[in-house]
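Notes to accompany the following structure.
Laboratory data are not the source of any read-out in this text; all were calculated from the coordinates shown. Computed from a predicted model, the values in this text were never measured in an experiment. As a convention, Cβ positions derive from the backbone with ideal geometry for all residues, glycine included, and neighbour counts pool all protein chains shown.
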Amino acid sequence: MAEKELEWVDNPNRFVIMCDDEIIGTISAYWVDPELQKWLEFGLCIYTDKYWGRGVGAIACSMWLDYLFESHSELRRIGFTTWSGNKRMIKLGERLGMTCEATVRQVRFFEGEWYDSIKYGVLATEWQESRN
């Protein structure tokens, strides 16, 4: 098994997303501050557009946030970063009840255009309130 593949085996911060017995994406978390482990961000990738816009990401992220807050009970906040060209991730953050915490203007360059970097986050207390 390649070293990259080994990063996924028995890793509690990396899961695959399955639908109809098929791997359709991945969801992961990483420490922004690896030594303290108090600042956790997550990432989502749905491989094919066949599953985009169907709520799969929202279900996966909702379950993922539940899992992360339960397994890291000391965390006060979890977030993700996207870019202004990714309208679906922006909608997903809003749908999950996350707060747009920062916009870093014109720092992402893609296909000849500049885009903003956008950070979303949710506090553990806010997430728990939304689940009740």
Check: Taking H as built 1.01 Å from N, whose amide H comes closer than 5 Å to the amide H of residue 85, not counting residues under 5 places away?
Finding: 116
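From Cα pairs below 8 angstrom and at least 6 apart in sequence, can you work out the relative contact order of the range 1-110, rounded to a whole percent?
18 percent
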Notebook entry, point to check: Span-like helices, the chain: DSSP H, alpha-carbon axial extent 18 Å or more, mean Kyte-Doolittle -1.0 or greater, which ones?
Noted result: 56-71
Notebook entry, point to check: Where in the chain lies the longest segment free of GluC sites (Glu not before Pro) that are both loop residues by DSSP (not H, G, I, E, B) and have at most 10 other Cβ atoms within 10 Å?
Noted result: 36-73
Checklist line | Pair residue 63, residue 111: separation of 7 Å Cα→Cβ label points (nm) | finding: 3.1 nm
Item checked: Among 100, 127, 82 the positive-end extreme of the charge dipole of the chain (Cβ point charges) -> 100
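Hey, got the dipole for the range 3-131? About the Cα centre, +1 on K and R Cβ, -1 on D and E Cβ, debye to the nearest 20?
540 debye
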Item checked: Calculated FRET value between residue 23 and residue 70, using beta carbons and R₀ = 35 Å, to 0.05 -> 0.90
Next item on the list: Once you have a ≥ b ≥ c as the square roots of the Cα gyration tensor eigenvalues for the range 18-118, tell me rounded if a/c is under 1.5, and otherwise prolate or oblate according to whether a/b is larger than b/c.
Entry: oblate
